[in-house]
Amino acid sequence: MSDGDAEQAADSSADDTSPSDESAAVETGPTAVGDGRKKHVSVRTRSDEYHDHGDVYLKQSSVAFLVSPESSFPDGATTRYAKDDLSRVAVTQHHSMCFITTATAGEGPALDALRGFRDDALARSLPGRALVATYDAVSPPIAATLARHPGARTTRLVAWLVRKCGTLARRRMRASSVRRAVLTGALVALYVVGVAVAAVGHLAIRFRERR
């Protein structure tokens, strides 16, 4: 789930940046990618190779993208992609508890309700924060795969589960304290099931893509 998605075609991303200035920001819509915050970056080469990078920093020059897990972009931990070799680049700004929802159900009431649940319930407890941290760690590549296959059975099923979670989250906001506790448990359980289904589908799709 992510509310900061940005996509751009690599062969149409020319800018006024000097080729020698590897610290230039990548402009991808309202958020400037290259702002010192971690991203999820997916690239597809013209030879149809696909590469996923989660929790990385991104920079660009007029001729290349640089991807690294370290903000200093050391030579030994930096991957360089020449723009002329790429057919597509997708950059996602990290936002907790939003990746898979956005990838499958898009913006809307379900996303808003689940963000509220994250802030009102999960963020207030240690187990809840641990759940969010785990979700943040595993969901970006899953969301990227589902977003590439909107018609896949897994994507449709996860979208249905997300909408059910959104409905429960809205009911929870109006419920009494006892009923709210019950709905909180049901919502967490259903969301865990949704993430598990998404993860299995992601692995199956990636296996087919690599064959």
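Would you be able to say whether some residue in region 75-83 is loosely packed, with under 15 Cβ neighbours inside 10 Å, among the hydrophobic types (A, V, I, L, M, F, W, C), in a strand (DSSP E or B) and at pLDDT 85 or above?
yes
Among the residues that make up region 164-183, is at least one of them in a helix (DSSP H, G or I) and within 21 Å of residue 140 (Cβ to Cβ)? Explain how you work it out, then say what you get.
Of the residues in region 164-183, the ones in a helix (DSSP H, G or I) are 164-174, 177-183.
Subset that is within 21 Å of residue 140 (Cβ to Cβ): 165-166.
Yes, region 164-183 has at least one match.
Yes/no per residue for (1) over 23 Å from residue 39 (Cα atoms); (2) among the basic types (Lys, Arg); (3) crowded, with 17+ Cβ neighbours inside 10 Å; (4) modelled with pLDDT under 90:
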position	(1), (2), (3), (4)
124	yes, yes, no, yes
154	yes, no, yes, no
182	yes, no, no, no
186	yes, no, no, no
203	no, no, no, no
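If the requirement is being in contact with a Gly (Cβ under 7 Å, 6 or more places away or on another chain), in a helix (DSSP H, G or I) and either among the aliphatic types (A, V, I, L, M) or surrounded by 14 or more Cβ atoms within 10 Å (Cβ to Cβ) (or both), which of these qualifies: 138, 158, 132, 195? Reasoning before the result, please.
Details: 138 fails: in contact with a Gly (Cβ under 7 Å, 6 or more places away or on another chain); 132 fails: in contact with a Gly (Cβ under 7 Å, 6 or more places away or on another chain); 195 fails: in contact with a Gly (Cβ under 7 Å, 6 or more places away or on another chain).
Criteria check complete, one pass: 158.
The values are calculated or read from the model by the stated rules, or taken from the named source; none is laboratory data. Given the structure is predicted, the values throughout are model-derived calculations rather than measurements. Methodologically, a virtual Cβ is constructed for each residue, glycine included, from the backbone with ideal geometry; neighbour enumeration extends over all protein chains shown.
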